[in-house]
Amino acid sequence: MLDTFHLNTTKFLDYLNFKEALLLNLEKKSKDNSLINTKIVHLKNTMNNKRTEFKMPLLHINITPYWLLGLIEAEGSFFLSRGNLIPTFKISLTEIQLRRPLGRSNRIYN
């Protein structure tokens, strides 16, 4: 499913590492397990908050209404500002999530 419907954030890169580790794990029966285990540990140590490489494929991000809804559900906040009571909507992302900002290569669908 994730090969057809790609993740839009660095989770896509983590998925690629996970997929590679899974395929390596399937090879354990026919090859040197210690070498395979070393490769899998290396992949694990470059995922999630340990990731240092954030190079995404060009034209990768595809923002659909459902993706945007999920982002708002997970990261969005509705509130009234203190003092002036102005209704406010905010999406908060971490510094790592912002390392690859949305740019020209992204497509937004209505």
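Where a number appears in this text, it was derived from the coordinates with a stated rule and is not lab data. Treat the numbers as computed from the prediction; the structure is a model and nothing was measured. For neighbour counting, all protein chains shown are included, and Cβ atoms are generated from backbone atoms with ideal geometry for every residue, glycine included.
List the GluC sites (Glu not before Pro) within the stretch 2-79 that fall in a DSSP loop (any state other than H, G, I, E or B) and whose Cβ has at most 15 other Cβ atoms within 10 Å. Don't skip to the answer; put the middle values down first.
On the way: sites: Glu20, Glu27, Glu53, Glu73, Glu75; in loops: Glu27, Glu53.
Qualifying residues, ordered by number: Glu27, Glu53.
Let me know the volume per residue of the alpha-carbon convex hull for the chain, in Å³.
142 Å³
Which distance in nm do the two modelled labels at Asn62 and Leu26 give, with both placed 7 Å along the Cα-to-Cβ direction?
Placing both labels 7 Å along Cα→Cβ, they lie 2.3 nm apart.
Going down the table (Lys11/Lys55; Lys11/Lys44; Lys44/Lys90), which pairs top 24 Å between alpha carbons?
Lys44/Lys90
Return the calculated 222 nm mean residue ellipticity for the chain, to the nearest 500 deg cm²/dmol, obtained by summing -39500 (n - 2.57) across DSSP H runs with n ≥ 4 and dividing by the residue count.
Rounded to the nearest 500, the figure is -11000 deg cm²/dmol.
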